[in-house]
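FYI, it's all coordinate maths here, none of it is from the lab. This one's a predicted model, so the numbers in the text were calculated from it and none came from an experiment. Note that each Cβ is placed from the backbone with ideal geometry, even for glycine, and that neighbours are counted across all protein chains shown.
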Amino acid sequence: MGKTIIQQARGHGSMTYRVRRKAFSIRIRYPKKAEGEWECIKLIADGGHSAPVAKFKKEKDIFYNVAVEGLYEGKKIKFGGHEPGDISMVGDLKNGTKVFNIENWGGDGGKFVRSGGNYATIIVKKGNEVNIMMPSKKEKKFDARCRATIGITAGSGRLDKPVLKAGKKYYIMKTKSKLWPRTSAVKMNAVDHPFGGGRGKRIKSKIAKRNAPAGRKVGLLRPRRTGRRKK
């Protein structure tokens with residue numbers, strides 16, 4: 001009799017592995033056409049995000065953005081401004097400006113650098129391209145028309161206090177709809193994973209077939225190279 005392994009059970013979407021819709025009910029993105037001043041009417045401690053979420057309003061229009069450090073209810077931000085919290089195109093900002101919630105392409109609403117306490121730095125501008133130093137210390141090129149929020153993301157102290165109990169960590173991850181703890185594949189039973197049931201940690205690199213089903217597609221997926229690297 002065949003067994004359903006964990007990857008297949010998660011992909012099936014049963015109640016055990018179902019995502020909490022409430023964790024992703026707030027959609028953070030810039031309005032497509034925005035100008036002038038917007039007022040922060042509410043700061044939200046959303047469990048699905050590591051940083052506070054700010055709700056902005058102008059007349060009848062509303063949008064949500066990651067809160068900047070120092071933001072408070074009633075504060076106004078500007079599209080095209082140069083103060084912390086303002087939203088501008090990266091091509092209009094000076095080198096050395098700290099930004100977050102950067103668009104991948106103009107108009108997508110913001111994709112990069114959205115976690116609490118993070119920021120990226122504008123370093124070089126060449127024509128229609130802007131080089132930005134990401135939090136990983138790697139450079140990434142963006143179109144000059146991509147928008148970003150000026151400043152540092154709020155919630156920088158979230159990692160200062162360690163999570164001392166496994167139960168607390170479990171509920172933190174559950175709030176964000178993350179499966180935790182993650183078990184090593186070689187420690188599982190054979191019915192739970194293709195790497196399981198080895199009676200010990202005898203790990204061998206495994207290259208998955210390109211047409212393998214979801215439950216068997218584990219290990220090295222379409223690797224560019226295999227074997228030891230020659231010096």
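Number of residues in the stretch 110-139 that are exposed (fewer than 15 other Cβ atoms within 10 Å of the Cβ), assigned to a strand (DSSP E or B) and of a type in the set (D, E, K, R) equals 3. If you check residue 175 against the conditions, is it surrounded by 12 or more Cβ atoms within 10 Å (Cβ to Cβ), among the polar types (S, T, N, Q) and closer than 30 Å to residue 93 by Cα? No, not satisfied. Considering only the stretch 33-45, I want to know if a residue exists there that is farther than 27 Å from residue 82 by Cβ, assigned to a loop (DSSP other than H, G, I, E, B) and touching a residue at least 12 places away in the same chain (Cβ under 8 Å). Checked the stretch 33-45: no residue is farther than 27 Å from residue 82 by Cβ, assigned to a loop (DSSP other than H, G, I, E, B) and touching a residue at least 12 places away in the same chain (Cβ under 8 Å).
Pairs needed: first member in the stretch 120-141, in contact (Cβ under 8 Å) with a residue 40 or more places away in the chain; second member anywhere, surrounded by 10 or more Cβ atoms within 10 Å (Cβ to Cβ) and among the hydroxyl-bearing types (Ser, Thr, Tyr); C-beta distance under 7 Å; at least 6 residues apart or different chains. Here the result reads 132/121, each pair linking the stretch 120-141 to a residue that is surrounded by 10 or more Cβ atoms within 10 Å (Cβ to Cβ) and among the hydroxyl-bearing types (Ser, Thr, Tyr). The set of residues from the stretch 73-109 being in a loop (DSSP other than H, G, I, E, B), under 22 Å from the mean Cα position of the chain (by Cα) and either small (Gly, Ala, Ser) or surrounded by fewer than 18 Cβ atoms within 10 Å (Cβ to Cβ) (or both) comprises 84, 85, 104, 105, 106, 107, 108, 109.
Residues that are more than 30 Å from residue 30 (Cβ to Cβ) and among the aliphatic types (A, V, I, L, M) within the stretch 143-183 comprise 163, 164, 166, 179, listed in sequence order.
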